[in-house]
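Input: a single structure, listed below in structure tokens.
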Amino acid sequence: MSCPVSMLSDNFKLGNAELESIYATARADDPVSYLPDIDFWAVTRFADVKSILKDTDTFSCEIAMDPIVPFSAEMVRCLQEGNFAGKSNLVANPEPSHDRVRRIAQRGFFPKAMVVLEPRIRKLVVDTIVEFSNEPSVDLVEVMLYELPAKVVFMLLGIPDEAVKNVKRWSDNRLLLIFGKLTKEQQLAAAHELVDFWQYCVEHVEHKEKNPGSDLPSDMLAARNGDDSVLSKMDIALTVFGLLLAGHETTSNMSANAVLALLENEGRWQQLNREPGLIPNAVEELIRYRPSVVAWRRKTLMPVEISGVKVPADARLLLFLASANRDAEVFDEPTVLNLERKNARSHVSFGYGAHFCLGAPLARLELQVILEELTQRLPDLRLAASQQFSFVETVQFRGPKALQVEL
Ligand code: HEM
């Protein structure tokens with residue numbers, strides 16, 4: 001029988017309970033193990049994951065957005081013909097180039113920007129709930145959680161709501177290309193969509209240059225003030241391209257994971273309904289308990305030893321953030337969803353160090369508003385009986401594809 005830890009390279013085929021039990025086995029018996037079919041090393045203990053994320057001299061972020069299954073020659077040709085230049089300038093960009101972009105892009109996530117966005121997000125959440133709240137039962141992913149986070153990122157980027165269907169399709173496609181296990185034929189079919197997505201981002205920045213507004217691309221264009229050494233227009237298009245994936249696939253999945261976890265654990269929904277003041281801490285605990293980015297990547301720049309296991313230079317690491325968050329060395333009773341947990345915020349679901357999630361303030365705000373409005377407006381929400389969950393088919397992002405609830 002093969003080792004259960006080897007299943008981590010096919011983790012999207014597993015239910016939550018099964019996956020969490022494999023994490024526990026891995027942390028105890030096999031904390032650093034090689035996954036031959038995808039050529040990655042799985043790292044599962046909190047201390048290892050955090051120290052790797054912190055140490056940019058030994059571990060590089062540059063492979064963060066490479067496809068898990070390398071692109072075929074035909075796929076690369078198709079991207080070249082479409083002038084695709086969508087290489088990450090944040091999450092997979094080492095220093096010092098990364099810091100130059102991050103210092104300007106982060107202005108969009110400062111507390112004062114969140115204060116401006118909060119009422120707009122709340123209105124969007126309330127309007128969405130009102131639309132379905134008279135139904136006896138709905139798929140919450142379909143009616144709310146799939147599109148809503150994209151519309152929030154659109155507020156930040158000055159993109160009209162009408163683009164939501166295209167952007168969601170392009171992003172789903174891009175997620176599978178990078179983080180999934182597509183065949184060569186499936187890759188090629190998806191390549192054209194990737195080119196369209198990239199072109200949309202380039203054109204959006206050109207449009208913002210002619211029609212500036214109160215949005216991040218316009219602010220970045222103003223900060224660059226025509227000087228490519230400060231920031232190029234390509235940098236701004238790349239940032240838009242990055243945020244149009246990072247900014248909603250993560251939060252769609254996270255909000256679905258959060259509602260599912262609350263409803264699966266008896267009494268938690270009612271607890272938030274009675275005590276809404278608990279919601280900010282509950283948001284952290286839910287992000288710890290069932291994150292939407294279950295694993296993130298680094299590459300070794302030299303031979304290293306991790307938890308006693310020798311790993312060569314140039315090895316690709318999958319840091320299982322979701323497993324680190326269940327490590328009893330850091331979190332008491334880690335399998336319990338404790339909405340009042342004191343150190344819930346110590347999780348590594350947003351990464352750690354230089355590349356710590358830029359959008360974390362927005363993700364936290366969005367989840368808080370979604371849970372405040374859902375628990376107050378739908379206090380009797382419950383899971384529809386006997387539903388089988390299936391998960392987004394990627395190794396690193398995780399969320400239920402559908403969430404049937406009764407109102
Ligand atoms: C619950 C939702 C989210 C989760 C779980 C999440 C998770 C992550 C993780 C694991 C990283 C990599 C960190 C590292 O390498 O140390 C990251 C980076 C990043 N995230 Fe998020 N994210 C979420 C929401 C968002 C949102 C809403 C946005 C933007 C609107 C965003 C934008 C980014 C960006 C730009 C980076 C790259 C930062 C850098 O390299 O400097 N994320 N995120």
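The values are calculated or read from the model by the stated rules, or taken from the named source; none is laboratory data. Here the structure is a predicted model, which is why all the values come from computation and not from measurement. Reconstructed Cβ throughout: ideal geometry from the backbone, glycine too, with neighbour counts over all protein chains shown.
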Item checked: Qualifying residues in the stretch 160-202 (those that are assigned to a loop (DSSP other than H, G, I, E, B) and closer than 25 Å to Gly399 by Cα) - the one farthest from the ligand (Cβ to nearest atom) -> Thr183
Note to self: Being surrounded by fewer than 17 Cβ atoms within 10 Å (Cβ to Cβ), in contact (Cβ under 8 Å) with a residue 24 or more places away in the chain, more than 9 Å from the ligand (Cβ to nearest atom) and charged (D, E, K, R) is true for just one of Glu284, Glu264. Which residue is that?
What the structure shows: Glu264
Notebook entry, point to check: So which pairs qualify, if the first residue must be in the stretch 315-327 and among the hydroxyl-bearing types (Ser, Thr, Tyr), the second must be buried (at least 24 other Cβ atoms within 10 Å of the Cβ) and part of a loop (DSSP other than H, G, I, E, B), the Cβ gap must be under 6 Å, and the two must be at least 6 apart or on different chains?
Noted result: Ser323/Thr44
Notebook entry, point to check: When the stretch 384-399 is examined, which residues are found to be out of contact with any Gly (no Cβ under 8 Å at 6 or more places or on another chain) and surrounded by fewer than 18 Cβ atoms within 10 Å (Cβ to Cβ)?
Noted result: Ala384, Ala385, Ser386, Gln387, Gln388, Ser390
Note to self: Can you say whether Glu275 is in the same structural domain as Leu53 (by TED's automatic domain parsing), farther than 29 Å from Val392 by Cβ and of a type in the set (Asp, Glu), as far as the supplied structure shows?
What the structure shows: no
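Residue by residue, here is whether (1) within 16 Å of the ligand (Cβ to nearest atom); (2) at pLDDT 95 or above holds:
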position	(1), (2)
Val76	no, no
Phe84	no, no
Lys87	yes, no
Ala92	yes, yes
Arg107	yes, no
Pro119	no, yes
Lys123	no, yes
Glu131	no, yes
Pro136	no, yes
Next item on the list: Look at Val152 and say whether it is part of a helix (DSSP H, G or I), at pLDDT 95 or above, within 16 Å of the ligand (Cβ to nearest atom) and not aromatic (Phe, Trp, Tyr).
Entry: yes
Notebook entry, point to check: In the stretch 242-291, which residues are over 14 Å from Ala344 (Cβ atoms) and among the charged types (D, E, K, R)?
Noted result: Glu249, Glu264, Glu266, Arg274, Glu275
Notebook entry, point to check: What residue, among those in the stretch 16-54 that are assigned to a loop (DSSP other than H, G, I, E, B) and free of Cβ contacts under 8 Å to residues at least 40 places away in the same chain, is farthest from Ser307 (Cα to Cα)?
Noted result: Asp37
Next item on the list: Would you mind telling me which numbered condition in (1) within 18 Å of the chain's Cα centre (by Cα); (2) of a type in the set (A, V, I, L, M, F, W, C); (3) part of a loop (DSSP other than H, G, I, E, B) Phe389 fails?
Entry: (1)
